[in-house]
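Below: the structure, in structure tokens.
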Amino acid sequence: QVQLVESGGGLVQAGGSLRLSCAASGRISGSNPMGWFRQAPGKEREFVAAIGWTSHNYADSVKGRFTISRVDAKNTVYLQMNSLKPEDTAVYYCAAGSGAFASVVVAAYDYWGQGTQVTVSS
């Protein structure tokens, strides 16, 4: 079993920055791919970023603005979000998978956190 706890969300003005953290516990290691997804009201959950053993993936909408990283010694994954836009407003979810790749697909992830709200004002 794996537990994921997100933190770092909040309210920020457009152009600002936030750093989300995801603390993992349980049966997880540096070989597990980790991802960030987001869901805005009335919309489906969408891929944001993922990190695997040797690869990173980003949604086109966040490339150049968001950076995913991990510190395996702390079992923690981060999402640094810069140049935030109002359209980035959503609940952000951390996810852990058991495959080999940093997948962009929701179904590839087995464990999910409770989510953290990010609100970007214009």
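Straight Cα distances below 17 angstrom link Lys74 to the aspartates and glutamates Glu6, with same-chain residues fewer than 8 positions distant left out. For the chain, the average shadow cast by the Cα convex hull is 6.7 nm², which is a quarter of the hull's surface.
Largest GNM mean-square fluctuation among Ala73, Ala24, Ala49, using the chain with Cα springs under 10 Å: Ala73. In summary, the lysines within cross-link reach of Lys85, defined as a Cα separation below 22 angstrom excluding same-chain residues under 8 places away, comprise Lys43, Lys63. Solvent-accessible surface of the chain, averaged per residue with a 1.4 angstrom probe and all protein chains in place: 51 square angstrom. Accessible surface of the chain, 1.4 Å probe: 50 percent of it comes from carbon and sulfur atoms.
Computed over the stretch 12-59, the percent of Cα pairs more than 11 Å apart is 77.
The values are calculated or read from the model by the stated rules, or taken from the named source; none is laboratory data. On a predicted model such as this, the values are computed, not experimentally measured, just so you know. To get the accessible areas, we keep the full protein, side chains included, count just its heavy atoms, and leave off ligands, DNA and RNA. Shrake-Rupley method; radii C 1.70, N 1.55, O 1.52, S 1.80 Å.
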